[in-house]
Amino acid sequence: MKRDEKAALQLQAVSILRRLKATRTYDELAEETGLSAGDLNRYVNGHVLPGVERARRIVGDVGPAALAGEIEARIDRDDDGYVDNTAVVFDQSLLDLVAGVAVESQDLTAPDAVLTAATDGITFASAMARQFDVPAVYAKKSRETAVPEFVEARQRVTPGIEITYSLPADALEPGDDVIVVDDFVRSGNTQQLLLELAKKAGVTITVVFTLIAVGDDGVESVRNRVDAPVVTFTSLPE
């Protein structure tokens, strides 16, 4: 591991501990992490950074459950079951931390690009792309006049209603390895359109990563359409 990668991992571990400490005592944090209250105090207050192996354990083992819990606490649902994840997708610092934890806990390898759909998926896709220093490209429901050529995917969701997503034809290169990322999956319709765009662009999908899943149907529909792992960071009941 390079020096800058080690430092990034150690700082991610400290950020996770600081988020946890905001709602816990040091004794509670010690019980949750298995670290001593004294060490946690030094990490949280910036007196010392955790060693690389300890940082890896914090990010890879403690981080997923801790951040998933924070995401779930920020989600609002109305009486009809509609989900508001605004407090999650608007918090770029949280998404940057989630992306780092996802890379470490899922052992994700660097792609050539990260693909998502506008608009709510953009902030999380940007966070994932920064982890690998690769482009974040996104499909839109509109087409810019100055772009000469597009790849398109369409899906009829109900009689008379069709969703169309467009991606500039040169946004991805044939043969690229691509991570498909989205902020939310319920029906799986948007993710299936992204998979279709990837297929038409001639790229290889290495993983489909969704920040929030409501129920199992959407995730299963995506799994049935792709020969790559489908990972969800936070799962909510239908």
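Sorted from largest to smallest, which semi-axis lengths in Å does the alpha carbon gyration tensor of the range 1-126 give for its equivalent ellipsoid, taking the root of 5 times each eigenvalue?
Computed over the range 1-126, the values are 27, 20, 11 Å.
Subtract the Cα-Cα distance of Phe90 and Thr119 from 0.36 nm times their separation in residues, and report this length gain in nm to one decimal.
Roughly 9.3 nm would be gained on extension.
Treating only the Cβ atoms of Lys and Arg (+1) and Asp and Glu (-1) as charged, compute the dipole magnitude of the range 1-100 about its Cα centre; round to the nearest 20 debye.
For the range 1-100, the charge dipole is close to 800 debye.
Could you work out how much longer the chain between Val231 and Leu11 gets when fully extended? Use 0.36 nm per residue separation minus the Cα distance between them, nm to one decimal.
Gain on extension, Val231 to Leu11, equals 76.8 nm.
Quick one: if you stick a label point 7 Å off each Cα along the C-beta vector at Asn224 and Glu173, how many nm between them?
Distance between the two pseudo-spin positions: 3.6 nm.
Hey, for a label at Arg130 modelled as a point 7 Å past Cα toward Cβ, could you say which residues of the range 1-43 have their backbone N under 15 Å away?
Those under the cut-off are 8-9, 11-13, 15-16.
Mind listing P(r) for the range 140-185? All alpha-carbon pairs, 5 Å bins, whole percents.
5, 16, 20, 24, 20, 12, 4, 0
Using the Kyte-Doolittle scale, which helices in the chain average at least 0.5 and also have C-alpha atoms spread 15 Å or more along the helix axis, with helices defined as whole DSSP H runs?
Correct list, ordered by number: 92-106, 121-132.
Arg156 versus Asp4, label points 7 Å from Cα toward the beta carbon: distance in nm?
Output for this residue pair reads 5.1 nm.
Roughly to the nearest percent, how much of the accessible area of the range 1-140 is carbon and sulfur, given a 1.4 Å probe?
Carbon with sulfur: 46 percent of the solvent-accessible area.
For Ala213, enumerate residues with amide H under 5 Å from its amide H, sequence gap 5+ or separate chain, H modeled in the peptide plane.
Counting only residues 5 or more places away or on other chains, the set is Val185, Thr234, Ser235, Leu236.
Loop only by DSSP, 11 or fewer other Cβ within 10 Å of the Cβ. Give me the trypsin sites (Lys or Arg not before Pro) in the range 1-75 that pass, ordered by residue number.
Qualifying residues, ordered by number: Lys2.
Which of Asp182, Asp133, Asp76 moves most in a GNM of the chain, Cα contacts under 10 Å?
Result: Asp76 has the largest fluctuation of those listed.
Roughly how big is the chain's charge dipole about its Cα centre, with Cβ charges of +1 (Lys, Arg) and -1 (Asp, Glu), in debye to the nearest 20?
Value, rounded to 20: 500 debye.
Compute the separation of the alpha-carbon centres of the range 108-151 and the range 177-196 and state it in Å as a whole number.
After rounding, the separation between the Cα centres reads 12 Å.
Name the longest site-free stretch of the chain, where the excluded sites are chymotrypsin sites (Phe, Trp or Tyr not before Pro) in a DSSP loop with no more than 13 other beta-carbon atoms within 10 Å.
For chymotrypsin sites (Phe, Trp or Tyr not before Pro) (loop position, at most 13 other Cβ atoms within 10 Å), the longest site-free span of the chain is 91-238.
Between Ile163 and Asp79, what length in nm is gained on full extension when 0.36 nm per residue of separation is reduced by their alpha carbon distance?
Value of the extension gain: 27.6 nm.
The values are calculated or read from the model by the stated rules, or taken from the named source; none is laboratory data. Small disclaimer: the values here were computed from a predicted structure and weren't measured. Reconstructed Cβ throughout: ideal geometry from the backbone, glycine too, with neighbour counts over all protein chains shown. What goes into the accessible areas is simple: the full protein's heavy atoms, side chains included, and nothing from ligands, DNA or RNA. Shrake-Rupley method; radii C 1.70, N 1.55, O 1.52, S 1.80 Å.
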